Each structure stands twice: as C-alpha cells, then as structure tokens.
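Below is one structure; the comments refer to it alone.
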Amino acid sequence: MSASDLILLALDNEQVLQLFERSLTAASYRVTIAHNRDSLDKTLQNTSPALVIIADHFSGGIGLEVSNDMIDRFPTMPVLLFAAQESIDLLRSAMKAGISDCLIPPLRPSDIAIAVELAMKKSLRIGDWTRREVKRTTASLEQRVNELQRLETIFDHIEDGVIILDSNDHILLVNPAARRVFEIGQEEISGNNIFDIIPHQDLRHLITMGNVNPLQFQEIRFEDERVFNAQYASIPGIGKAVTLQNITYLKQIDHMKNEFVSMVSHDLRSPLTAILGYVELLDRVGPINDQQKDFIQRVQVSVQNVTALINDLLELGRIEAGISGQDDIVSLDAVLNIAIDNIIFQIAEKKLNLKTNIPAEVPPLYGNPVRIRQMLDNLLGNALKYTPTGGDIDVSIVLEANQLLLKIADTGPGIPPADQLHIFEKFYRGSNVSTKVTGSGLGLAIVKSIVEAHHGRIWVDSVHGKGSTFTVVLPTINAG
C-alpha cells in the first residue's frame, strides 16, 4: 500500500460522499469522484485507481451489477460496496460476485480507512500470487515452446521420412524427407486423407494391413528403382506413424552379390557333374571293397547336396532377375490341391491332421503356374518337415478386397522372435532348428522372391514352441 494510492468513490449521497472523502484524505489517500455511470466509466478508463467504493444504489442503478461489470473488466482491482442498510441477501450476493467487503452504517472514519487498508493488502497478496502463477505458467509455456521447436527442428532434419496420421488415416504431419520420397510439394496437406495425397499401392497396403496387425514392415518400390523400407506403428491416443528408410543402395549391393553368386554357382555345376560321373565309374575299372563303397556313397551324397544347393541358388537368381517363364491365368486353389496331393502320403505317414478351408469359388491370379507351385511346395514342405508326429497343419484361402490370403499354419517348434525378422533371408535358419534337419536356408528366400515377383506380400506370425502361420497375399486378376 502506498500513500499515493488513488481511491475512486462512486457515491451519490452527498453526506456519505463527504464522510468517505474526509476519511480517506486524512489517511493520506488520493481521492477521485464519479457522480454517475458515465463519469465512472471515463474515470476508470483515464485513471488507474487502486480501489473503488461504490454505493449499492449508485446513480439510480444497482451498485452490485455495476460492481460485477468492473470486476469482470478489472479482476485484480478491489471493490468495496457501501450499503445503506444491512441485508443478508446483499452480503451473500456481494461475496459471490467477488467484492472485497461491504460497508454498512454507522461508520467511523477509522472504519473506512481500515476496510480500505485490508482490501488493499488482500489485493496485494492476490496480485503477488497471480504474478507468481503467471511467471510460473509463462516459464512452463516457454519451456514447452522450446521443446516443440527442438522437436520440429529434429522432425524436419532427420533423413528418414516420417508420416503421422490420425485414426481415420488423415494426415497430421509429414516431414520434408517424406515429401521428397513421394514428390509432394510444399502445399498444405494436413487434414487430407493419405490415400488422396499419396496413391502409392505399396503404402496403401502397408497402412491397410497395419490397421489390422500393427508393427508391419514392407518395402515400397518406385519406378525409378528407389526402394524404401517402411514401418507402420500405432500411436495410442493419436493414430499411427509410418517411417521410411532408403535402402536403395542395399538393394543394389544385394543385386551385385546375387549376380556374383549366380555366376559362381553356374561355374561350379559343371565340375560337380564331372566329379559325380567319375565317382559312378569307379566300380567299372576294378574291384571295390565295402569300405571303399561306403566312401563313394558319402562322396555321391555330398556332391548331390552341393548340386542341389547350387540349383537353388541359380533358381533364386532367375526369379530375382525376372526370368520366370510364361505367365498365365492361375487357379490358386487348383494348384494348391495338386501340391497337397503330392505330400498326402507323407502326411499320413507322420499321422498329421490336415485341415483345409478353401472356398468353392476362388478368383484366378495372373502369374507363372510353375512358380506358384514352387512357392506352395516350399511352404507345405516346411510345414510337413517341422510339424511333429500327430501335429496339425491348417491350410486356408480367404478373399479380401481383390486379394487372396493364403495361410499355412503348423504346430511345429515355432520361430523365436529374434529370428522372425530374418527368416526370409538367404541361408538363414532359425536358431532352434536341429542340425539333423536338412535344408539350405534358401527355401523361404525363394518363396519371398516368387511372392514379390507376383506383386504380393508374405509374413509370418509365430509363437516359439507353439507353431507358425505363414500368410501370403496375392492380387487377383480383378485387382489389376
């Protein structure tokens, strides 16, 4: 409180006005007077009173209503209400409105000065608290703004593309890297459906499948031979995120490696054929004892295994190079039934329970029937190989939006989570596969290449110790 504080009196009773003016002047306050509502408004506009005292029936109006208006306009300014007579309803309304105090006759000068001083001190405490809260809130907001600015800077400068969507696939954020990937300009695209802005089929498939099964991975390919590894992840309370990592250079390295392996494999096949031929001629040039026969058989088995591996490598090279033979209309259900018939005796021998769920009418595909059969043989062969005696194999086909979903499930040992990301890589075998189980580690790599050559997708869902389900998605003819 300062001795120079200005008190505004809005009192229209002359005797009361003189009493308040003398009392406040004696207490070293400066006083200004408003005789009517217009004068009150002008004084409030042109001065900065520290406190206002207003009569309950000021200038023919209701002082309480005028006080409410002032408190709304100046929430930190204390207001005292002078009432000609005491009223419980008036006191209750005044407290509810936020008026600091009510002054009721009879009043002594000291009563007026004390009421003003208490109201001023209370206002000062409220002002201090308000300033502290404003300072604290401002500091908190500044910190958040700084954090948001740092996040925005990081978001704009990371090399990987990032797309943030809401739960309805509407765009929330797209960083510059993602704009460059899909060649989007600088126009505002927030709020638009992602498929209207980016009609890329691979991205659509990733998001569509991700809505059903989050944490999806998929390669997104472009006609200019760029390849991106895309990952889908749900964000609770917001929507979903798609991240894009450029793996074009890795694909180029992989292509060079494949060409080298294919060349070496082709060069090795001829000497291996010669070795096998000469081994078979050994018993024609002289007698061979039993131990020598055992050695010869071991050599033959080893050469045949290496030859089979080389043939798989060459086959994989041809698939990846796009040398797949003649494409035609393919009935997936017909080829699947033939592949199942081919292993039916082995299924019976292991006493496996085979269950099939194949619709009566399955839309045709367009592709290479030989490759489709090769894909099915590998997947069914794996299920047969790894399912223990008495286990179950489930085979089903489901039609979804011009796509066929082929699922082959088994009750084998399953695939450890750490292995599932690599199971389709060349020469990779699960860490829980026994060394007694034969295989080159190329079967699933061949399957993946065949599926991708037919513009499809494949993934595995597996629980370690309980089995695996391989899902292949292939477009029907109508999808094209």
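Bear in mind these aren't lab numbers, they're just calculated from the coordinates by the rules spelled out. None of the values given here were measured: they were computed from a predicted structure. Reconstructed Cβ throughout: ideal geometry from the backbone, glycine too, with neighbour counts over all protein chains shown.
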Given a Förster distance of 56 angstrom, what is the FRET efficiency for Glu147 paired with Ser39, based on the Cβ-Cβ distance and rounded to 0.05? 0.65
Relative to the Cα centre, what is the charge dipole magnitude of the range 328-479, using +1 at the beta carbon of each Lys and Arg, -1 at the beta carbon of each Asp and Glu, and rounding to the nearest 20 debye? 460 debye
Quick check: the angle from helix 63-73's long axis to the longest principal axis of the chain, C-alpha only, nearest 10 degrees? 40 degrees
Percent relative contact order of the range 6-132, based on C-alpha pairs within less than 8 angstrom and at least six residues apart? 24 percent
Charge dipole (debye, nearest 20) of the chain; +1 at Cβ of Lys and Arg, -1 at Cβ of Asp and Glu: 1220 debye
Relative contact order, percent, of the chain when contacts are C-alpha pairs under 8 Å separated by at least 6 residues? 8 percent
Within the range 79-176, which trypsin sites (Lys or Arg not before Pro) sit in a loop by DSSP and count at most 14 neighbouring Cβ atoms inside 10 Å? none
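May I ask for the longest run of the chain untouched by GluC sites (Glu not before Pro) that are loop-located per DSSP and have at most 16 neighbouring C-beta atoms (other than their own) within 10 Å?
After excluding every exposed loop site, the longest remaining stretch is 226-360.
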So what's the angle, to the nearest 10 degrees on a 0 to 90 scale, between helix 109-157 and the longest Cα principal axis of the chain? 20 degrees
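How long is the gain from Val306 to Ser110 if the chain were fully straight, where each residue apart is worth 0.36 nm and the alpha carbon distance is subtracted?
59.3 nm
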In deg cm²/dmol, rounded to 500, what helix-only [θ] at 222 nm does the chain give when every DSSP H run of at least 4 residues adds -39500 (n - 2.57) and the total is split over its residues? -16000 deg cm²/dmol
